[in-house]
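What follows draws every value from the coordinates through simple rules; no lab data is involved. Fair warning: this is a prediction, and the values are worked out from it, not measured in the lab. Every residue, glycine as well, gets a Cβ built from its backbone with ideal geometry; the counts of neighbours run over all protein chains shown.
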Amino acid sequence: MTPGAPAELGSPITLPEAKRMREQVCVMGLGYIGLPTASLLATKGYRVLGVDVNAHAVDSINHGNVHIVEPGLDILVKSAVGSGNLSASMEPAPADVFILAVPTPVRHEDHEPELSYIDEATEAIAPHVAPGNLVILESTSPVRTTEQVARLLSERRPDLKIPQRTRGTGHTDAEPDQVFIAHCPERVLPGQILRELVDNDRVVGGVDDASAQRAAEFYRTFVGGQVLVTDSRTAEMCKLVENAFRDVNIAYANELSIICEQLDINVWELIEFANRHPRVNVLRPGPGVGGHCIAVDPWFIVSSAPEHARLIRTAREVNDSKPCFVVESVRQSAERYKEPVIACLGLSFKADIDDLRESPAVEIVRHVATEGLGTTLVVEPHIRSLPPALADIDVELVDLPTALKRADVVVLLVDHREFLSVERETLLRKVVIDTRGIWR
Ligand code: SAJ
C-alpha cells in the first residue's frame, strides 16, 4: 500500500491473512479509543478480546451494541462481533498483543497526572503476558510512563525478559524470548475516529529498538498512513506537543477576544482579516477549551518540567479562565432586566457531539444558575436529560424555539449545526452573547 493512502475498512493490508487470523489481541479499556481500535482489528482478521471494568459496556458490546456515540461505530462493532472475532469481558486473557487504552486524567486539585488506571491495567495483564508478546500503551501519557509499565511488569513477572530503555542503539535484533514494550499514542479526532484510525500517520516508540520495530510491524497491518519509528519518550512527548500546540494557539485567540471586547473591536472580523496574511493562522476564540485531551494533556508537560513550561502553563490558565469571562458578560447583560431569562445554547465541549466531558459550556451554565443571574434555560439537542453537574440546580432543559421565545439574554456556547440556522429576527430585542462567532 502507498504510504498515506487511505485504507478501506475490511481490506487486507500487509500481514498474510493466515498469520493475522492466528494472532490474538487483548485491548484493555473499551472507551472512545479502545472500542474503535478493537473493532477495527477484529474486522482485519485478528481475534480480539476487549476488556472493560464497566459491566454494562461489556454486555452491550457482546450483543453487538455500542455505549458511546461516534459516527459509524455502531455498524463496525456489529460487524466485528458478528464475525466472531470480537468479544468483550471484564477479565483479560492470554494474547499475542496487549493494548492499554485506559483513561489518563489529571487531578483537579493540582493538575498532576492520574496514572492509576494504567497501573491497574498493567497489573491485570501481568499474569497473562508470555515471552514474545507485544505490550502497547496507547493512552496519552506523561513522558516515561511506558518505561513505568515495563518496570511494573518486570516487578510482577521477574521470570520474563522485559526490556530496559535503550536509545537509538540500532540493535533491533530481539533478545530470544523477550517481551516487546512500546508506546503508540492515539491521535484521532472525536467525530472522525474511524477514518483517522486508519488514515493518520502513527508514531511508534519502543522502550528498546526491537520493541519499536515489533510494534511498527503490528500497526502497519491496519494503518494506511505512515508508521514512524522512535523511542518511547519521543512518542509520548510527540502526542503531548501536538495537543499543547493547539492549546497555546487557542489561548492566543481567546486572549485576543478579551482584549478586543475592551477595545470594542469585532474579534471575528479581525481574525478573518489577519488570516489573509500568508503566514498567519489564528484559531477561533470560544467559551473555553473542553474535552478530555487538549484541556488535560498540556498539564503533563507542565508537570514534568514545571520551571520551564511557562508558556504552556499560561495558555492553560488563559483557556481555563475564559468561562469566567463569559459568565461576567452574562452578569452585566442580565443586570439590564428586572427578571432576566437567560437561554444558554449548547452544553457539549464542541459542535455536533454529545460529549460533555470537561465542557466549558457546562461550567458556564452552572455558574449562571447558581449565582442567580436569572432564570436559566438550556438547549442541548444531543442529550435527553441534564448531566449530574446541572441536575440538582435550577436549570430547565428546553427546546430551541421555547428558549428563543422566552429569553432576554441568549448565550451561544456551542456551534451545533441546529443553531447556525436560527433566524436573525428571533434574536431582535434580545442581548446576544455569541461566544463562537456564528451569528455575526
Ligand atoms: N477549540 C476552540 N477553538 C478552535 C479549535 C478548538 O475553542 O479554534 C476548542 C473546542 O471547542 C473544544 C477544544 O478546543 O472545546 C478541543 O477541540 P478540538 O476539536 O481542537 O480537539 P479534540 O479535543 O476533540 O481532539 C484533540 C485532537 N488533537 C489535535 O488536533 C492536535 C485529536 O487529534 C487528538 O487525538 C485528541 O485531541 C486526543 O485524543 O488527544
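Key figures
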item: Peptide ranges 402-408, 144-150 listed from the most packed, as the mean C-beta count within 10 angstrom indicates; result: 144-150, 402-408
item: Potential lengthening between residue 393 and residue 352 on full extension [0.36 nm per residue; Cα-Cα distance subtracted]; result: 12.2 nm
item: Between helix 116-125 and the chain: long-axis angle, C-alpha atoms, 0 to 90°, nearest 10; result: 30
item: Alpha carbon centroid spacing (whole Å) that separates region 379-440 from region 268-285; result: 27
item: Candidate lysines for bridging to residue 405, where Cα separation is under 19 Å - those fewer than 8 sequence places away on the same chain excluded; result: 338, 430
item: Extension gain (nm, one decimal) between residue 152 and residue 116, 0.36 nm per residue minus Cα-Cα; result: 11.7 nm
item: Estimated D of region 8-225 in µm² per second, where Rh is the Kirkwood radius over Cα pairs and Stokes-Einstein applies at 25 °C, 0.890 mPa s; result: 141
item: Sites residue 314 and residue 22 - FRET efficiency at Förster radius 51 Å, r taken between beta-carbons, to 0.05; result: 0.50
item: Net charge of neighbours whose Cβ lies under 14 Å from the Cβ of residue 275, counting Lys and Arg as +1 and Asp and Glu as -1; result: +1
item: Inter-label distance, nm, simple model (7 Å from Cα along the C-beta direction), residue 339/residue 160; result: 6.6
item: Reachable aspartates and glutamates from residue 161, criterion Cα separation under 17 angstrom, eight or more residues apart if same chain; result: 96, 123, 147, 173, 175, 177, 208, 209
item: Nearest-ten-degree value, helix 73-82 long axis tilted from longest Cα axis of the chain; result: 30
item: Within the chain, helix-based [θ] at 222 nm, where runs of 4 or more DSSP H residues each add -39,500 (n - 2.57), nearest 500; result: -12000 deg cm²/dmol
item: Rounded to 10°, Cα long-axis angle of helix 209-219 versus longest principal axis of the chain; result: 70
item: Stretchable slack from residue 175 to residue 383, in nm (0.36 nm times residue separation minus alpha-carbon distance); result: 69.6 nm
item: Proximal lysines to residue 350, defined as alpha-carbon separation beneath 19 angstrom and excluding residues fewer than eight positions away on the same chain; result: 322
item: Nearest-0.05 FRET efficiency for residue 245 and residue 276, computed from C-beta distance (R0 35 Å); result: 0.95
item: Amide N proximity, region 84-106 versus residue 55 label position 7 Å along Cα-to-Cβ, cut-off under 20 Å; result: 87-93
item: Cβ-derived FRET efficiency at R0 25 Å, residue 328 paired with residue 405, nearest 0.05; result: 0.45
